[in-house]
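**Q** First the structure, which I've put down as structure tokens, then a few questions once you've had a look.
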């Protein structure tokens, strides 16, 4: 049964809220934005058809407040909710509440979110579905003794991970026996603080791993396809920095095998919507299930660019009850795409967040360039949320051409007022290992000296260019203000002449 969606509330903010709204507008669907005290001037608030205040700046009182979000959805008569990524996007309770309130949740069922959100349950499900997983524990480690025993059986090095984790939180790598208990306690403490759940499990640490994920789509009729892979091995503190597709590591045979297992993983839980199956791959092309993200990924645009499918539109059509129109044999990639995440952070100060007022921004343009962002001149980046400013997505016919285009686009990308990661990303594009496609998840730490080295001559030249542009910008504003004042004065003089308030110079 098809249930046509007419209005969508986006339970998110910033870049992803705008991204969802654009696809909705193309489909003729109205949108509702929600915003906190800190986001009153955010671009997604301006773009939506309606906007409603959701609470204070703290996410726990605004973007994570399920009761308030449902209340706004009912108030605005929104018949669907899109969670974006982050915040409540993988929260089974929001999906369940939508079911109870008769609101369409644009995502999987609460049962699937719960199953795949708990890493131990997900591992068991994948094993039962015939999907290869990293050797590790299958149950919660209740005490230090059970943890020590499990780790000795698996063999060092190992990764200790939070079962409810994500984004590198609640995760520790252990390669020395004397560090096991300290790392275990630190992981449990961090997991408890981040997710309210201190349950952890242990996996064998894969040496020189590649982080490769497959984009999948599943409808309500049992059809599942994959849209090929994304290479996500350029990471800092287990968080992705640069992604590309196709992966330099991939062969046609490996893509076919991993794609089949990605589809099998989705079918094992009767998955509905857009999701991602993440794998770890070693240098010998052995691969293992890592986790499933039951939502849209930050890096989804590079898949869109090489396959031609709008993933947000596909999510909406699936949520309405439509069957997938595309079959697996119809999926192919054209060209190469790279995404760089632009953050407001100080790369010279341990990548500390750098919120503040954006005084000038020039975004790159040209063939094959896409910028998904939400900031503008005069916008103040709040301290309360993730410091990502935008995503720069590049497409070209070949990988070499895509890298050169990204280098050009990063050079054109100018932001003043806050420090950004743009120069760090330029260094990545210049790094030999990246250019050769010879990298794994240790790429940044292995090339740290090169990536963090400062090119003084280039820096001074670009600083002067930015200062000159900034001064020119303010000079134009000042002249515009003078012209405007002169124009107003002339209008008043003309008005005065008509009223007899001024004498003509001829008299």
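**Q** Out of the residues in the range 61-86 meeting the condition of being surrounded by fewer than 20 Cβ atoms within 10 Å (Cβ to Cβ) and within 20 Å of the chain's Cα centre (by Cα), tell me which one is nearest to residue 293 (Cα to Cα).
**A** So the residue we want is 85.
**Q** Taking only the range 199-227 into account, find how many residues are at pLDDT 95 or above and buried (at least 19 other Cβ atoms within 10 Å of the Cβ).
**A** Residues meeting the conditions: 14.
**Q** Every residue in the range 346-368 that is in contact with a helix residue (DSSP H, G or I) (Cβ under 9 Å, 6 or more places away or on another chain) and more than 29 Å from residue 397 (Cβ to Cβ), please.
**A** If the condition is that a residue be in contact with a helix residue (DSSP H, G or I) (Cβ under 9 Å, 6 or more places away or on another chain) and more than 29 Å from residue 397 (Cβ to Cβ), then 347, 348, 351, 359, 360 are the ones that fit.
**Q** Of all the helices (runs of 4 or more DSSP H) wholly in the range 92-169, which have at least 2 residues that are at pLDDT 95 or above and crowded, with 21+ Cβ neighbours inside 10 Å?
**A** Those helices (runs of 4 or more DSSP H) span 92-101, 110-117.
**Q** Further question on the same structure: Here is a check on your reading of the model: is residue 372 out of contact with any strand residue (DSSP E or B) (no Cβ under 9 Å at 6 or more places or on another chain) and either in a loop (DSSP other than H, G, I, E, B) or in contact (Cβ under 8 Å) with a residue 12 or more places away in the chain (or both)?
**A** no
**Q** Looking only at residues in the range 273-285 that are in a loop (DSSP other than H, G, I, E, B) and in contact (Cβ under 8 Å) with a residue 40 or more places away in the chain, which one is surrounded by the most Cβ atoms within 10 Å (Cβ to Cβ)?
**A** The selected residue is 282.
**Q** Under 6 Å between Cβ atoms, which residue pairs at least 6 apart in sequence (or on different chains) link something in the range 399-416 that is farther than 12 Å from residue 367 by Cα with a partner that is part of a helix (DSSP H, G or I) and at pLDDT 95 or above?
**A** So the pair list comes out as 403/429; 407/429; 410/422; 410/425; 410/426; 413/422.
**Q** Residue 54: in a strand (DSSP E or B) and surrounded by 19 or more Cβ atoms within 10 Å (Cβ to Cβ), yes or no?
**A** yes
**Q** Here are 230, 255, 237: which of them is at pLDDT below 95 and either under 25 Å from the mean Cα position of the chain (by Cα) or surrounded by fewer than 23 Cβ atoms within 10 Å (Cβ to Cβ) (or both)?
**A** From the options 230, 255, 237, the qualifying one is 237.
**Q** Considering the range 242-261 alone, what residues qualify as being in contact (Cβ under 8 Å) with a residue 12 or more places away in the chain, closer than 26 Å to residue 397 by Cβ and part of a helix (DSSP H, G or I)?
**A** 254, 255, 258, 259
**Q** Which residue out of 96, 124, 149 is within 30 Å of residue 7 (Cα to Cα) and without any contact (Cβ under 8 Å) to a residue 40 or more places away in the chain?
**A** Only one candidate qualifies: 96.
**Q** So for the range 310-318 (the condition being over 22 Å from residue 412 (Cβ atoms), surrounded by fewer than 19 Cβ atoms within 10 Å (Cβ to Cβ) and either in the same structural domain as residue 384 (by TED's automatic domain parsing) or out of contact with any strand residue (DSSP E or B) (no Cβ under 6 Å at 6 or more places or on another chain) (or both)), does at least one residue qualify?
**A** Within the range 310-318, one or more residues are over 22 Å from residue 412 (Cβ atoms), surrounded by fewer than 19 Cβ atoms within 10 Å (Cβ to Cβ) and either in the same structural domain as residue 384 (by TED's automatic domain parsing) or out of contact with any strand residue (DSSP E or B) (no Cβ under 6 Å at 6 or more places or on another chain) (or both).
**Q** With the structure loaded, tell me whether residue 326 is more than 30 Å from residue 272 (Cβ to Cβ), not assigned by TED's automatic domain parsing to the domain that holds residue 64 and not in a helix (DSSP H, G or I) or whether it fails that test.
**A** In short, no.
**Q** Among the listed residues 344, 337, identify the single one that is at pLDDT 95 or above, under 25 Å from residue 218 (Cα atoms), within 21 Å of the chain's Cα centre (by Cα) and surrounded by 16 or more Cβ atoms within 10 Å (Cβ to Cβ).
**A** Result of the check over 344, 337: 337.
The values are calculated or read from the model by the stated rules, or taken from the named source; none is laboratory data. Computed from a prediction, not measured in an experiment: that's the story for all the values here. Using ideal geometry, Cβ is built from the backbone for each residue, glycine included, and neighbour counts are taken over all protein chains shown.
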